[in-house]
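Take a look at the structure set out below.
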Amino acid sequence: MDLDAVKEHSALHAKPSGLVLQYGTAGFRTKAEHLDHVMFRMGLLAVLRSKQTKSTIGIMVTASHNPEEDNGVKLVDPLGEMLAPSWEEHATCLANAEEQDMPRVLLDISVKAAVSLQQDAFVVIGRDTRPSSEKLSQSVIDGVTVLKGQFHDYGLLTTPQLHYMVYCRNTGGQYGKATLEGYYEKLSKAFMELTKQASCSGDENRSLKVDCANGIGALKLREMEHYIAQGLSVQLFNDGTKGKLNHLCGADFVKSHQKPPHGMEMKSNERCCSFDGDADRIVYYYLDVDGHFHLIDGDKIATLISSFLKELLLEIGESLNIGVVQTAYANGSSTRYLEEVMKVPVYCTKTGVKHLHHKAQEFDIGVYFEANGHGTVLFSKAAETKIKQLARELEDKKRKAAKMLENVIDLINQTAGDAVSDMLVIEAVLILKGLTVQQWDALYRDLPNRQLKVKVADRQVISTTDAERQVVTPPGLQEAINDLVKKYKLSRAFVRPSGTEDIVRVYAEADSQENADSLAHAVSLAVF
Ligand code: NG1
Ligand code: ZN
């Protein structure tokens, strides 16, 4: 490793002294102007990770739903999954090393992780539409090239598209072609095949309104539009031509404010959805005839998809197991409905998709969604093989069901939550089950809930256990929350430090909106 060259180039991407960042649930995220050195260093680190795993590694430059002025970076591991925890630690050490120590820290990592330096390295890079993203991805490339890594810069991509590219490249093209065309062709073919199975042709001019958060989702959905035009016509809003990224729009805005995005023209009973800034989350919603807004979040998406998959499994008569994975933010009604009505086992993990993804891998079919709309479905290799075999061997209705499962395997992006892929799965399920958006919404009624953010001096003084549902420190806080929760009916509340913002998040649920608001407020006073 040419440490002199590293040192020389690093000086062009110097770290502001004293700045400390943490590789959190979504990689590094902060104001874009503080990230140049982090990008360069993540380019270096990706080369080491690529050499160590003898695989292509991905780097995505994005800050998802955060404001346009922010940016961020995360590494994608060989199978399209999030970076391994031990390497998150290496990433944090490298990003925080003061300028003069950085080459030594880099060398330490390569020794600790037993990286064979002679090995070739290959890194693929994607970025979102933020004004700062292009320059920051150039800094990533500087890092990669100074360690003589090879790279391919895909330029503008959604986060899940980058995950897809990494997985395709590391599995010899078995999963699909590692190009945008390959991605669009794979998804659209599966969507058309799946919807062809609908017993009645249904709505010939099926259309959907999509709020693209003024982000990358708009560009990519435009590129894909004609591939799916025969089955679905999408009408794009907040496509980035006028508004600012994530400003008063996008999935995070809609979910947290529980109201429609600005810039969307909604008529009653029309199906609408919102992507977030890097198109890995999706939520649906509609206005009823009285003009009331109804949100259909990740929990209801998981319910729709898992009930569809369960019906198909029953049809083919195979005892493949299915499980749903949620976080503490899942609405209590959704958990109850899944367990008691659908009889599907539900598990709760810590916030952050890597935790959900990991748990979902334990099932033949693992469906995971965060309430905010980030999620996907995982099929075990054994389940995939079995389903493909049944699709060839079975007959009539059973064969049709197996074929549909096979199409879902191709349509869902198994590497990461993907707004475009999730949208197509949802649309296909609605068509196949003949459900309107209102009927979908009526599966169960959400408990009124409220999320608040509390600014504290040091959010890390709060530590939690039991999938973040119980506070451990500071002492007395959990008891205070318990006392408050007892005052309300059907109530639940918890607090946890955010992994992506310098705040503590408060969540409360109760029998009425007023009570949920009042409980959330009381809990935030207890935190403060
Ligand atoms: P934090 O900031 O740790 O709550 C947020 C979301 C996560 C996840 C990450 C990554 C909530 C409550 N939290 O994490 O679900 O999506 O961002 O984007 O929505
Ligand atoms: Zn996102």
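The values are calculated or read from the model by the stated rules, or taken from the named source; none is laboratory data. Computed from a prediction, not measured in an experiment: that's the story for all the values here. Counting neighbours? That spans all protein chains shown, and the Cβs are built from the backbone with ideal geometry, glycine included.
Of all residues assigned to segment 334-345, none qualifies as being within 16 Å of ligand 2 (Cβ to nearest atom) and without any contact (Cβ under 8 Å) to a residue 40 or more places away in the chain.
Residues in segment 402-413: is at least one within 16 Å of ligand 2 (Cβ to nearest atom) and either outside any helix (DSSP H, G or I) or out of contact with any helix residue (DSSP H, G or I) (no Cβ under 6 Å at 6 or more places or on another chain) (or both)? The answer is yes; a qualifying residue exists. The selection criterion, being in contact with a Lys or Arg (Cβ under 7 Å, 6 or more places away or on another chain) and either closer than 30 Å to Leu79 by Cβ or surrounded by 24 or more Cβ atoms within 10 Å (Cβ to Cβ) (or both), holds for Met60. Among the residues of segment 414-458, which ones are of a type in the set (D, E, K, R), part of a helix (DSSP H, G or I) and farther than 21 Å from Arg336 by Cβ? Within segment 414-458, Asp422, Glu427, Lys433 qualify. Residues that are without any contact (Cβ under 8 Å) to a residue 60 or more places away in the chain and under 22 Å from Glu88 (Cβ atoms) within segment 363-372 are absent altogether.
Taking (1) surrounded by 22 or more Cβ atoms within 10 Å (Cβ to Cβ); (2) among the small types (Gly, Ala, Ser); (3) more than 16 Å from the chain's Cα centre (by Cα); (4) closer than 28 Å to Lys397 by Cα in turn, Ser334 satisfies each apart from (4). Hey, does segment 38-56 have a residue that's within 20 Å of Thr158 (Cβ to Cβ), within 16 Å of ligand 1 (Cβ to nearest atom), touching a residue at least 24 places away in the same chain (Cβ under 8 Å) and in contact with a strand residue (DSSP E or B) (Cβ under 8 Å, 6 or more places away or on another chain)? Checking segment 38-56: not a single residue is within 20 Å of Thr158 (Cβ to Cβ), within 16 Å of ligand 1 (Cβ to nearest atom), touching a residue at least 24 places away in the same chain (Cβ under 8 Å) and in contact with a strand residue (DSSP E or B) (Cβ under 8 Å, 6 or more places away or on another chain). Could you check, for segment 359-367, whether at least one of its residues is within 14 Å of ligand 1 (Cβ to nearest atom) and either more than 27 Å from Ala467 (Cα to Cα) or not assigned by TED's automatic domain parsing to the domain that holds Asn238 (or both)? No, segment 359-367 contains no residue that is within 14 Å of ligand 1 (Cβ to nearest atom) and either more than 27 Å from Ala467 (Cα to Cα) or not assigned by TED's automatic domain parsing to the domain that holds Asn238 (or both). Pairing each residue of segment 373-393 that is in contact (Cβ under 8 Å) with a residue 40 or more places away in the chain with any residue that is β-branched (Val, Ile, Thr) and not in a helix (DSSP H, G or I), provided the two are 6+ apart or on different chains, yields C-beta distances under 7 Å for Gly373/Ile282; Gly373/Val283; Thr376/Ile412; Val377/Ile365; Val377/Val367; Val377/Ile412; Ala383/Ile365. Considering segment 251-265, and only residues there that are assigned to a loop (DSSP other than H, G, I, E, B) and among the charged types (D, E, K, R), the residue that is nearest to Gln513 (Cα to Cα) turns out to be Lys259. Count of segment 307-346 residues, restricted to those that are of a type outside the set (Val, Ile, Thr) and closer than 19 Å to Lys388 by Cα, is 13. Of the residues that sit in segment 274-303 and are touching a strand residue (DSSP E or B) at 6+ places or on another chain (Cβ under 9 Å) and free of Cβ contacts under 8 Å to residues at least 40 places away in the same chain, which one is nearest to Cys212 (Cα to Cα)? Going through the qualifying residues, I end up with Tyr285.
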